[in-house]
Amino acid sequence: MTTPLNDALPAVEPIDLTRSKTSSKTIMSVSLTVITGFFTLLVLAPLVAVVFDVAREGLPRLGLESFTELPPPPGLTDGGFGHAIVGSLITLGIATAFSTPFGILAAIYLSEFGRGSRVAYWVRFSANVLTGVPAILAGLFAYSLVVATMGNFSAFAGGVALAVLMLPIVMRTAEEGLMLIPHEVRLAALGIGATRFQTITQIVLPAALPAIATAVTLALARAAGEAAPLLFTALNNNFWSTDAFAPIATLPVLIYFFAIIPFRAQQELAWAAALVLLGIVLIVSIVARLIARQKKY
Amino acid sequence: MIVGGSTIVINVNGWNGKQPVYECKTMSAGTEGATQSNRGSLEKRLSKQSLLDQGFFWLTLVMAIGIAAVLAFVIYEIGRSALPAIQTFGLGFLFSTTWDPVQNVYGALPQIYGTLVTSAIALFLAVPIGVGVAVFLTEDFVPGYIRTPISFAIELIVAIPSVVLGLWGIFVFIPFIRPFYQVLNSTLGWIPLFAGVPRGYSLLTLGIILAIMIVPIIISITRGTLLSLPPELRQGAMAMGATRWETIIRVLIPAGLSGIIGSVMLAFGRAMGETMVAAMLVGNSNRISISLMNPGATITSLIASQFGEAGRTQVAALLYSGLVLMVLTLLVNIFAEMIIKKFQNVE
């Protein structure tokens with residue numbers, strides 16, 4: 001009556017669990033991977049192309065005189081854009097003077113006093129919305145506030161416009177830097193009898209200084225490339241000027257005006273100025289980001 | 001502190017920047033007066049410090065509220081300066097196509113149209129590409145040592161000054177893309193979208209360059225969203241037998257949808273407000289054209305190209321158009337902020 005085991009259980013072929021190469025799932029997976037990989041290259045292409053083209057067009061024209069001379073009158077060649085570099089530095093200086101103390105003090109409130117409070121929530125919300133305000137509207141604001149009131153275009157008005165752009169960036173990044181300082185550090189300072197003011201100014205701020213410096217640098221890099229807010233605040237100037245209350249030339253505005261006029265010499269200068277601007281902005285961004293990445297407490 | 005009949009006064013001299021200084025004095029019970037005066041000076045010092053503490057707190061609070069005030073002030077100032085134009089042209093400004101500095105009659109419909117169309121083109125290109133790249137750089141398709149520098153490079157695209165991108169657009173991108181436009185125009189010219197004479201300065205060109213500028217925003221926020229999803233979602237989907245891409249499309253993207261929508265809204269706001277690229281590449285033509293091959297104008301290009309030589313009424317009209325842009329970007333940004341906030345609260 002006993003049946004041999006072999007009869008009851010027929011021999012089973014080992015099943016191949018590998019998905020077939022022609023299955024619709026395989027085809028979909030492979031093609032989606034290829035497409036997204038291609039998209040990644042596509043996104044990187046403009047960066048590479050812009051850096052390469054700006055270097056190719058700008059380098060031959062770049063020389064010592066680029067930094068020391070004024071642009072040539074239309075029709076002539078040579079010259080430089082030294083006045084625009086000085087102008088950019090002045091407007092950025094004014095913007096930093098406004099936005100840095102303002103932004104850092106606000107960041108101190110958010111991280112030291114107002115954690116989790118309603119006020120802090122709305123301040124962060126406003127800062128995020130302010131970050132999204134188009135740069136040109138910061139220019140309209142400064143025009144309406146400074147230029148229309150004082151009666152003339154000025155480096156000061158340009159600085160105010162850039163300060164509006166820098167402010168939320170400085171605040172948010174400085175806040176992140178302050179948040180990275182461990183809470184125990186504050187407790188320790190308070191524990192040995194320091195007041196909150198002493199704790200913040202002598203313990204927390206010095207520890208967060210590298211992060212805050214990075215914050216200001218990143219904000220500066222962003223502001224340095226902005227032309228839109230300067231078009232009708234700092235306006236432009238074809239000559240050397242260091243007067244904060246007079247129109248002043250800046251690198252981005254100079255690039256804009258020289259790009260849209262039909263003179264070859266000016267267009268070449270625009271490329272050289274673009275190389276200087278792009279070089280500064282990219283190097284600053286890369287260095288600041290690398291430093292920010294390494295910071296661990 | 002009384003210890004065995006003598007008084008020890010611990011004098012905290014505050015913090016002098018290096019080390020806390022503690023002064024301990026032992027006094028006999030007889031010198032009560034001296035102790036009193038010492039205690040008085042300690043209290044005075046403490047009250048001074050608490051005043052400093054209070055003052056510092058209020059200073060930072062005022063500065064923090066100042067950020068919100070700056071936002072309100074920006075809106076108020078632009079609104080105030082635009083008021084004469086608002087009173088003159090009313091809501092008709094939004095629907096009129098006339099921009100006539102000679103007659104001082106202004107309407108911004110072509111510019112509003114151009115702003116929305118170019119941003120829409122930019123989103124149409126940037127959203128699928130951005131989400132695709134974010135997925136590619138989040139799920140382990142390539143090893144980390146390739147992924148990190150790629151993400152880093154993509155972040156750098158944001159740092160390119162827009163005026164440099166505009167310069168590149170005029171002298172490199174337009175000559176490069178023009179032949180493609182001509183092919184598109186000659187084969188698909190019967191579709192109104194691609195009709196007209198393709199010169200290069202057009203709504204489509206601006207849309208493409210805007211897409212280049214906003215794609216990093218979509219990538220970085222979408223990546224952040226995908227990375228923050230709980231790993232159980234992936235494991236669960238895989239355990240059910242889904243392939244990697246089925247997991248991504250059916251589980252991860254729906255789960256992270258609010259973050260993705262938030263990133264798209266932020267990108268939309270950025271595209272609408274971008275100025276230099278628009279002024280340099282869109283062609284600044286005051287007309288509404290269905291064809292993307294034709295030049296057009298955006299609110300930003302209008303302001304940038306006309307503000308310099310504008311008369312009094314024209315300046316007010318330009319500020320009015322600026323106010324329209326402000327309202328559009330504010331709505332989009334606040335919406336984006338709320339979506340992202342809501343999503344983060346769920347996390």
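The values are calculated or read from the model by the stated rules, or taken from the named source; none is laboratory data. Since we're looking at a predicted model, the values are computed, not measured. Note: ideal-geometry Cβ built from the backbone for every residue, glycine included; neighbour counts use all protein chains shown.
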For segment B:311-344, name all the residues that are over 20 Å from B:SER220 (Cβ atoms) and surrounded by fewer than 20 Cβ atoms within 10 Å (Cβ to Cβ). B:GLY311, B:ARG312, B:THR313, B:GLN314, B:VAL324, B:VAL327, B:LEU330, B:LEU331, B:ILE334
Taking the condition more than 31 Å from the chain's Cα centre (by Cα), loosely packed, with under 15 Cβ neighbours inside 10 Å, more than 10 Å from every other protein chain (Cβ to nearest Cβ) and not acidic (Asp, Glu), does B:LEU188 pass? yes
From the options B:GLY273, B:GLY308, B:GLY269, residue that is free of Cβ contacts under 8 Å to residues at least 60 places away in the same chain and crowded, with 24+ Cβ neighbours inside 10 Å: B:GLY273
Kindly list the number of the only condition in (1) over 20 Å from A:PHE239 (Cβ atoms); (2) modelled with pLDDT of 85 or more that fails for A:LYS25. (2)
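Run down B:ILE288, B:ILE303, B:ILE334 and say which single residue is more than 30 Å from B:ARG178 (Cα to Cα), modelled with pLDDT under 95 and either part of a loop (DSSP other than H, G, I, E, B) or of a type in the set (Val, Ile, Thr) (or both).
Numbers: B:ILE288 fails: more than 30 Å from B:ARG178 (Cα to Cα); B:ILE303 fails: more than 30 Å from B:ARG178 (Cα to Cα).
Testing whether each residue is more than 30 Å from B:ARG178 (Cα to Cα), modelled with pLDDT under 95 and either part of a loop (DSSP other than H, G, I, E, B) or of a type in the set (Val, Ile, Thr) (or both) leaves just B:ILE334.
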Look at segment B:300-312 and say how many of its residues are over 23 Å from B:PHE173 (Cα atoms) and touching a helix residue (DSSP H, G or I) at 6+ places or on another chain (Cβ under 7 Å). 4
I need a count of the residues in segment B:121-150 that are surrounded by fewer than 16 Cβ atoms within 10 Å (Cβ to Cβ) and in a helix (DSSP H, G or I). 7
Would you check if there is a residue in segment A:192-199 being small (Gly, Ala, Ser) and free of Cβ contacts under 8 Å to residues at least 60 places away in the same chain? yes
Top-ranked residue of segment A:95-128 - restricted to ones that are surrounded by fewer than 22 Cβ atoms within 10 Å (Cβ to Cβ) and either of a type in the set (A, V, I, L, M) or touching a Cys at 6+ places or on another chain (Cβ under 9 Å) (or both), ranked as nearest to the other protein chains (Cβ to nearest Cβ): A:LEU105
Considering each of B:PHE173, B:PHE152 in turn, give the residue that is in the same structural domain as B:VAL264 (by TED's automatic domain parsing) and free of Cβ contacts under 8 Å to residues at least 12 places away in the same chain. B:PHE152
The correct count of residues that are surrounded by 13 or more Cβ atoms within 10 Å (Cβ to Cβ) and of a type in the set (Phe, Trp, Tyr) in segment A:52-94 is 2
B:ALA255 being surrounded by fewer than 24 Cβ atoms within 10 Å (Cβ to Cβ) and either out of contact with any helix residue (DSSP H, G or I) (no Cβ under 9 Å at 6 or more places or on another chain) or aromatic (Phe, Trp, Tyr) (or both): no
Mind telling me which of the residues A:ALA274, A:ALA249, A:ALA270, A:ALA234 ends up being in a helix (DSSP H, G or I), in contact (Cβ under 8 Å) with a residue 24 or more places away in the chain and not β-branched (Val, Ile, Thr)? A:ALA274
Return yes or no: is B:ALA153 surrounded by fewer than 24 Cβ atoms within 10 Å (Cβ to Cβ) and more than 10 Å from chain A (Cβ to nearest Cβ)? no
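Kindly evaluate B:VAL163 against the criterion of being in contact with a Gly (Cβ under 8 Å, 6 or more places away or on another chain), facing chain A (nearest Cβ under 7 Å) and touching a residue at least 60 places away in the same chain (Cβ under 8 Å). Steps first, answer last, please.
On the way: in contact with a Gly (Cβ under 8 Å, 6 or more places away or on another chain): yes; facing chain A (nearest Cβ under 7 Å): yes; touching a residue at least 60 places away in the same chain (Cβ under 8 Å): yes.
Answer is yes for this residue.
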